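The values are calculated or read from the model by the stated rules, or taken from the named source; none is laboratory data. Just so it is clear, the structure is predicted and the values come from calculations on it, not from any experiment. Neighbour counts run over all protein chains shown; Cβ positions are idealised from the backbone, glycine included.
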Amino acid sequence: MYLVLGEPDQMSMGTAIRVGADVVAIHQVAESIDQFGTRYLERVYTAHELSSCGGAPATRTASLAARFAAKEATIKVLRPRGHQPDWRSLEVRRDPDGWCTMALTGHAAALADQAGIGELAVSLTHEGDVAAAVVVALCQSEDESVGQSGSGTPLVLDVFGRKG
Amino acid sequence: MEDTIRTILAEYGHLPVEVDKIRDDDDLFQAGMTSHASVNVMLALEDEFGIEFPEAMLHKSTFESVAAIRNALGDLIDS
């Protein structure tokens, strides 16, 4: 599922979209908090994430589960080989107006750099016992050779993979 | 050590199959263990063996099988 944008002479490096999605069972996050408490929270979530997930315990747990899903979705976008980024190097930052963005540090930031990822977009949701997140990244990298024809003219595909 | 690893996997791994039916080299993620469950497995192993997995060992491969966990614990306990 790649979308190639721009004029052919601008596409020598290729621009591609990566998408990652993940779901987390909220009751499993509640169990982790019950079983491991602060050790679980501080090993997985940043101080900003912990402070931005407030409200009633059930609401807080659902918000944390959505953040875990966002971290895992981001890992799917970063495609690490071997060493996984620390969970805390993948931070969901909550804007005061309610929307969220991803902030990467350390190994996660290095992986994004390697893939030519300049920006990540994230969307979080939860309903019932399920929390979910989708992360979209725009990549510009010499490694991203997909979406280019042999003639150097980029193929333009829509999100369903059909030629446009 | 292997029995303890299997006990922890049974309690925290949320595996859809019985741990007894998993062979040493079977891929636990292929068997249904989620990334979130692997965090719980890691924390439970730390509690049980009195160790802490350093960031450098936070490979998915560290927790991908009973044998891999045993090897990782061996390295940590010996160091």
Study note, to complete from the structure: Within segment B:45-74, the residues that are within 22 Å of A:GLU42 (Cβ to Cβ) and touching an Asp or Glu at 6+ places or on another chain (Cβ under 7 Å) are B:GLU46, B:GLU52, B:PHE53, B:GLU55, B:LEU58
**Study point:** Any chance A:ALA103 is in contact (Cβ under 8 Å) with a residue 12 or more places away in the chain, farther than 18 Å from A:LEU41 by Cβ and part of a helix (DSSP H, G or I)
**Key:** no
Review point. Applying the selection to segment A:75-95, what residues are among the acidic types (Asp, Glu) and within 14 Å of chain B (Cβ to nearest Cβ)?
Key: A:ASP86
Point to revise | Residues located in segment B:50-64, provided they are in a helix (DSSP H, G or I) and either of a type in the set (S, T, N, Q) or more than 22 Å from B:ARG23 (Cβ to Cβ) (or both) | key: B:GLU55, B:ALA56, B:MET57, B:SER61, B:THR62
Practice item. Go through segment A:135-159 and count every residue that is assigned to a strand (DSSP E or B), within 12 Å of A:GLY14 (Cβ to Cβ) and modelled with pLDDT of 60 or more. Key: 3
Revision key, fill the gap. Of the listed residues (A:ALA132, A:ALA112, A:ALA108), the one being in contact with a helix residue (DSSP H, G or I) (Cβ under 7 Å, 6 or more places away or on another chain), modelled with pLDDT of 85 or more and in a strand (DSSP E or B) is A:ALA132
Practice item. Just one of (1) more than 12 Å from chain A (Cβ to nearest Cβ); (2) in contact (Cβ under 8 Å) with a residue 24 or more places away in the chain trips up B:VAL19, so point out which. Key: (2)
Practice item. All but one of (1) more than 14 Å from chain A (Cβ to nearest Cβ); (2) under 10 Å from the mean Cα position of the chain (by Cα) hold for B:LEU43, so report the exception by its number. Key: (1)
Point to revise | Given (1) assigned to a loop (DSSP other than H, G, I, E, B); (2) within 12 Å of chain B (Cβ to nearest Cβ), index of the condition A:GLY98 fails | key: (2)
Review point. Is there a residue being modelled with pLDDT of 95 or more, of a type in the set (Gly, Ala, Ser) and farther than 17 Å from A:ILE117 by Cα anywhere in segment A:93-102?
Key: no
Check your understanding: Does B:ALA68 qualify as being in contact with a Gly (Cβ under 9 Å, 6 or more places away or on another chain) and modelled with pLDDT of 90 or more?
Key -> no
